Amino acid sequence: MATHEFAAHAAHAHAAPQGFIRKYIFSLDHKVIGLQYFFLALVAVFTGIFLSLLMRIHLVWPTASLPFFGEIKPETYLSLLTMHGTIMVFFVLTTAPQGGFGNYFLPIQIGAPDMAFPVLNMLSFWTTFLGFLVLVAAFFVTGGAPLHGWTGYAPLSALPSAGPGEGLGADLWIISIAIFCIGALMGALNFITTTLDMRAKGMTLMRMPLTCWAWFVTAILGLLAFGVLLSAGILLLMDRQLGTSFFVPLVTVNGVLTGHKGGSPLLWQHLFWFFGHPEVYIAILPAMGLCSQLLSVFSRKPIFGYKAMVYAILAIGFLGFMVWGHHMFMSGMSPYTAFAFSIMTMGIGVPSAIKTFNWLGTLWRGKIRFSSPMLFAIGFVSLFVVGGISGPFLAQPVLDIYLHETYFVIAHFHLIMGVASIFGIFAATYYWFPKMFGRMMNETLAKTHFWLTFVGAYAIFMPMHYYGMAGGLRRYSQGTEVAWIHKLAPIQQFITFAAFITIASQFIFVFNLFWSMKKGEKATDNPWEATTLEWTTATPPPHDNFGGITPVVHNGPYEYSVPGAPRDFVMQTDAPVAAKH
């Protein structure tokens, strides 16, 4: 290990905290911070689910008067839609896989005692938490939450007079996103430095588990993307409050000529989607890394094509910055530009396909153990493929012009970005729960939860494709006003009832999570017979992760069924096995 790495390790030997506040609230321990991110995401996901429930009720019973909420007006529906998307994308899909599990397990998996910058780590969580509070506060201010969609398209988002919720609510929305960006940037710096500087002796980059590669590349994407969104948010706030004109052209709103001129709403779209498309991969890459890990562990086979998997993750990260224009085919861009973005979008399908075939290759003729983490990992592959297959259709400008404003797009990105990533979060929870809490989760409840959620996800999002192809338009608060949409009402009813059942089944997970913390069966140090470093240490891991012993790595992360080995798995810290396979 290089001298600077010794220095880096020595700097992290901070003593175990004593008081409650230092130990559990303003903690510097990456494991506690990981759990704080996880529980923040858990609160956020149920907030987001509740908003989607209100939307689904309104779509099927547009005149229903609900207790506490009364009748949901069209503009209220748009506010629900905006806040649902924002909460789910930022505070669930970005927060849980990277902030939660990444923080907890990246240092342990590379053999480090903590993250590189523990104080920065603590600050990144509390910044994110503040961002969430500011966002939720938008519901309670005069005018309510904004209705400009989670993408915040100008000029609707840039003019406080543009509609209800576009006053203080929209300001809070922008400030919340900006705060979140700052937290994400601090986290990204920490992840990159930790991965490059803090690895244990023998832990070369090509011996890192694919989870670590995924967190590392995700952090690089975050570092490059969130800075752009932060800048765009500041410019948007200036347009709203200081009279600048970055995104607002000379235009009349509600019959009044605005005092702006020379701005471009398309500039906002470019800045937003330059962040927005990498964000899709920020949400999905950690789940891809975890899925690779689990398929190997539970098939009792080395991952098929480890190096190809690493290069595919890097290729997805690289190409992810070159495809943002496919969100803008409808914006009047030059057909030549659209063609370039279309080609790049088809190109990014290649590394995703390589990963998919390698996952299937890993499963092929494996001694598969169908434990709950494995079921969710296989479910992830299924959702990723089915959600991804509609991508090449939307990547063709000629098809996208028809499909863009329909439910087809909603179905596509919910399957591949939303539900697939959530399945990764579930898989990670069931897999690492024994290490985090020292107990096993109930396997029967876990499998029941899997089947209800898996079938439910398809029952919700498959019909949305058909609804979209039939011309069902998104962002419409009800389908009663347009004749051809009104005919599609039975599809919306089916989706809503499927959503009711799927949402209800998530409470099985919540019960299992909290019940198992107290009453679950005691876990051994390595219940899944896995090879990576987190399974070599105590359960739950001690303050410095390895109890004062720095691990030394001799093997790769996926040494299963090795000829000549005494067991069917070789830990990364075991002596190298003489027989080659």
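Annotations for the structure displayed:
- Among residues of segment 313-330, those that are touching a residue at least 60 places away in the same chain (Cβ under 8 Å) and β-branched (Val, Ile, Thr), counted: 2
- Hey, Ser372 open to solvent by 20 Å² or more (accessible area, probe 1.4 Å) and either hydroxyl-bearing (Ser, Thr, Tyr) or touching a Cys at 6+ places or on another chain (Cβ under 7 Å) (or both) or not: no
- Number of the exception - His412 against (1) open to solvent by 20 Å² or more (accessible area, probe 1.4 Å); (2) on the phi > 0 side of the Ramachandran plot: (2)
- Residue check for Thr195: under 25 Å from the mean Cα position of the chain (by Cα), in a helix (DSSP H, G or I) and within 30 Å of Glu559 (Cβ to Cβ): yes
- Candidate set from segment 67-124 (those that are among the small types (Gly, Ala, Ser) and part of a helix (DSSP H, G or I)); member that is surrounded by the fewest Cβ atoms within 10 Å (Cβ to Cβ): Gly85
- Per this entry, Gly471 is counted among residues that are surrounded by fewer than 19 Cβ atoms within 10 Å (Cβ to Cβ) and modelled with pLDDT under 95.
- Annotation: of all residues in segment 321-350 being more than 26 Å from Leu285 (Cβ to Cβ) and hydroxyl-bearing (Ser, Thr, Tyr), the one that is least open to solvent (accessible area, probe 1.4 Å) is Ser331.
- Every pair of residues 6+ apart whose Cβ atoms lie under 6 Å, when the first sits in segment 268-283 and is touching a residue at least 12 places away in the same chain (Cβ under 8 Å) and of a type in the set (Gly, Ala, Ser) while the second is open to solvent by 30 Å² or more (accessible area, probe 1.4 Å) and assigned to a helix (DSSP H, G or I): none
- Those residues of segment 135-151 which are of a type outside the set (A, V, I, L, M) and in contact (Cβ under 8 Å) with a residue 40 or more places away in the chain, in sequence order: Phe139, Gly144, Pro146, His148, Gly149, Trp150, Thr151
- From the list Gly165, Gly183, Gly169, Gly222, the one residue that fits, being touching a Ser or Thr at 6+ places or on another chain (Cβ under 6 Å), part of a helix (DSSP H, G or I) and open to solvent by less than 10 Å² (accessible area, probe 1.4 Å), is Gly183.
- Segment 128-156 - residue that is polar (S, T, N, Q) and at pLDDT 95 or above and, of those, farthest from the chain's Cα centre (by Cα): Thr151
- Check on Thr524, in contact (Cβ under 8 Å) with a residue 12 or more places away in the chain, open to solvent by less than 10 Å² (accessible area, probe 1.4 Å) and not aromatic (Phe, Trp, Tyr): no
- Just one of the numbered conditions (1) in contact (Cβ under 8 Å) with a residue 40 or more places away in the chain; (2) open to solvent by 10 Å² or more (accessible area, probe 1.4 Å) is not true of Gly259: (1).
- Identity of the residue in segment 474-502, part of a helix (DSSP H, G or I) and aliphatic (A, V, I, L, M), that ends up most open to solvent (accessible area, probe 1.4 Å): Ile501
- The set of residues in segment 390-411 being over 11 Å from Phe329 (Cβ atoms) and either of a type in the set (S, T, N, Q) or free of Cβ contacts under 8 Å to residues at least 40 places away in the same chain (or both) consists of Ser390, Phe393, Thr406.
- Residue check, Pro155 touching a helix residue (DSSP H, G or I) at 6+ places or on another chain (Cβ under 6 Å) and open to solvent by 50 Å² or more (accessible area, probe 1.4 Å): no
- Hey, Thr448 among the hydroxyl-bearing types (Ser, Thr, Tyr), open to solvent by less than 40 Å² (accessible area, probe 1.4 Å), in contact (Cβ under 8 Å) with a residue 60 or more places away in the chain and in a helix (DSSP H, G or I) or not: no
- Among the residues making up segment 294-314, a single one is surrounded by fewer than 20 Cβ atoms within 10 Å (Cβ to Cβ) and under 19 Å from the mean Cα position of the chain (by Cα): Leu314.
The values are calculated or read from the model by the stated rules, or taken from the named source; none is laboratory data. These numbers come from a predicted model, not from an experiment. Virtual Cβ from ideal backbone geometry, glycine too; neighbours counted across all protein chains shown. Ligands, DNA and RNA are excluded from the accessible area calculation, which covers all protein heavy atoms including side chains. Shrake-Rupley method; radii C 1.70, N 1.55, O 1.52, S 1.80 Å.
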